[in-house]
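One structure below.
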Amino acid sequence: DAKTTQPNSMESNEEEPVHLPCNHSTISGTDYIHWYRQLPSQGPEYVIHGLTSNVNNRMASLAIAEDRKSSTLILHRATLRDAAVYYCILRALYSGGGADGLTFGKGTHLIIQP
Amino acid sequence: DTEVTQTPKHLVMGMTNKKSLKCEQHMGHRAMYWYKQKAKKPPELMFVYSYEKLSINESVPSRFSPECPNSSLLNLHLHALQPEDSALYLCASSQDVGGAYEQYFGPGTRLTVT
């Protein structure tokens, strides 16, 4: 899978929107952009994923740049529960070996101030 | 329901013991995964099962032996582990392999090898 670059940490205030950036300049045309988060002492949690168009779900929005070399995860109104490590991961539509897993980078530690 | 269950939650074992970790999902997913997460590090892929067949073994030592008895169950058999194998072991599942499908994780089994 192609590599992603994220800031090590970000801080935001409770009840404000949060924009988490991810750069993936070597993305290929069939790579999906996935976001997961991991709260302390828990397993990772799926947040959202997309290919080309912006995506919305009940947890967040994913904004994908037109050239697909970057994307932004948007939490519309942060709560203290959103404090976690957020991982941006590229996944090929179909790997040559017939199966694949997630390759986690270091992610972004999101700190929410009350 | 997007639940993946893992048992036990915690496990302490000696280096000569044999134990097993269990993972279960009832979402009809055909791909299941084992990840290992050391403290303050991101998860690392160990094994991928696709349609009950082992698809990926990420050069994991033979003291870890995965098994997929049916499409809902995934086991990880442990034998002659080393203290450095102490970690959080995470199970995940997805509808199918490939980037179009998100993964759902269990809460993990925290393993301590003494």
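The values are calculated or read from the model by the stated rules, or taken from the named source; none is laboratory data. No experiment lies behind these values; they were computed from the predicted model shown. We place every Cβ from the backbone using ideal geometry, glycine too, and count neighbours over all the protein chains shown.
So the values come out like this:
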| quantity | calculated |
| --- | --- |
| Residue list for the range B:35-52, restricted to those being within 9 Å of chain A (Cβ to nearest Cβ) and in a strand (DSSP E or B) | B:Tyr35, B:Gln37, B:Glu44, B:Leu45, B:Met46, B:Phe47, B:Val48, B:Tyr49, B:Ser50 |
| Looking only at the range B:95-114, and only at residues there that are farther than 27 Å from B:Thr16 by Cβ and more than 9 Å from chain A (Cβ to nearest Cβ), the one that is surrounded by the fewest Cβ atoms within 10 Å (Cβ to Cβ) | B:Asp96 |
| Candidates B:Tyr89, B:Tyr35 - the one that is touching a Pro at 6+ places or on another chain (Cβ under 6 Å) and of a type in the set (Ser, Thr, Tyr) | B:Tyr35 |
| Residues being loosely packed, with under 14 Cβ neighbours inside 10 Å, assigned to a strand (DSSP E or B) and of a type in the set (Gly, Ala, Ser) - total across the range A:3-33 | 1 |
| Qualifying residue in the range A:71-89 (condition: in contact (Cβ under 8 Å) with a residue 12 or more places away in the chain, farther than 17 Å from A:Leu110 by Cα and in a loop (DSSP other than H, G, I, E, B)) | no |
| Unmet requirement for B:Lys53, which otherwise passes all of (1) among the basic types (Lys, Arg); (2) more than 15 Å from the chain's Cα centre (by Cα); (3) within 18 Å of A:Gly101 (Cα to Cα) | (2) |
| Number of positions in the range A:34-63 that are assigned to a strand (DSSP E or B) and either closer than 20 Å to A:Met10 by Cα or modelled with pLDDT under 95 (or both) | 12 |
| Matching residues in the range A:56-95 - criterion: being small (Gly, Ala, Ser) and either under 16 Å from B:Ala100 (Cβ atoms) or within 11 Å of another protein chain (Cβ to nearest Cβ) (or both) | A:Ala92, A:Ser95 |
| Only one of B:Leu81, B:Leu76 that is surrounded by 15 or more Cβ atoms within 10 Å (Cβ to Cβ), in contact with a strand residue (DSSP E or B) (Cβ under 8 Å, 6 or more places away or on another chain) and not in a strand (DSSP E or B) | B:Leu81 |
| Out of B:Lys38, B:Lys18, sole residue that is surrounded by fewer than 14 Cβ atoms within 10 Å (Cβ to Cβ) and in contact with a His (Cβ under 7 Å, 6 or more places away or on another chain) | B:Lys18 |
| Number of the exception - A:Tyr46 against (1) at the interface with another protein chain (Cβ under 10 Å from one of its Cβ atoms); (2) surrounded by fewer than 18 Cβ atoms within 10 Å (Cβ to Cβ); (3) of a type outside the set (S, T, N, Q) | (2) |
| Those residues of the range A:64-73 which are under 13 Å from the mean Cα position of the chain (by Cα) and either at pLDDT below 95 or closer than 10 Å to A:Asn23 by Cα (or both), in sequence order | A:Ser70, A:Ser71, A:Thr72 |
